[in-house]
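Everything below concerns the one structure shown next.
We did not get these values from a lab; they are worked out from the coordinates using the rules stated. Worth saying up front: this structure is predicted, and the values here are computed from it rather than measured.
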């Protein structure tokens, strides 16, 4: 490689690093983003029923797998695969829920997202999605089928644009709403976070008795 070519190569590498170091919410391939509202408008996102946040389905396969060829946990024919954009903001969350299919999350743009996973065997883990891979943030996260999952924007963030893919594809009959009381009893070490990630309709009166009105934690899902 000539010195000129090496210089050009080095400059390109530095330019890439500089772009990666810019605040992630500022650039989408030349489109200047100043708010979550612009992301919503640009990608035509809509509010996601029950779960919270904003979404747009970007792909659904034209072919389907017949119910007879699927495991018994599926009640109907399923698309081969689906994909969506998914947006979280400071006043929204992905309420705790579970699905009968593995779901793969892809982090595209914005601020870090914290995900709580509650596993069927009683174990649990928290994962941070984001661009800072050196700090342990993940660009891709897999949620196995049957795992309770809920996510929210890390404090101080403005928005996060994610994507998810599923195969067989998602439909709304797959979505199972969490039971706040049962989850707290089984995963008591995450009591406060479970309360925060439980949608308003799942609020349980027996759990509420444990808090005064002034002690009741702010629930992002109640604001969605």
Full-extension gain in nm, residue 126 to residue 44, via 0.36 nm per residue minus C-alpha separation = 26.5 nm
Gain in length, residue 59 to residue 176, computed as 0.36 nm per residue apart minus the alpha-carbon separation, to one decimal in nm?
-> 39.9 nm
Diffusion coefficient in µm²/s returned for region 116-170 by Stokes-Einstein, Kirkwood Rh over C-alpha pairs, 20 °C and 1.002 mPa s, is 166
Quick note, region 91-192: a/c under 1.5 would make it rounded; otherwise a/b > b/c is prolate and the rest oblate (a ≥ b ≥ c, C-alpha gyration tensor); here it is oblate
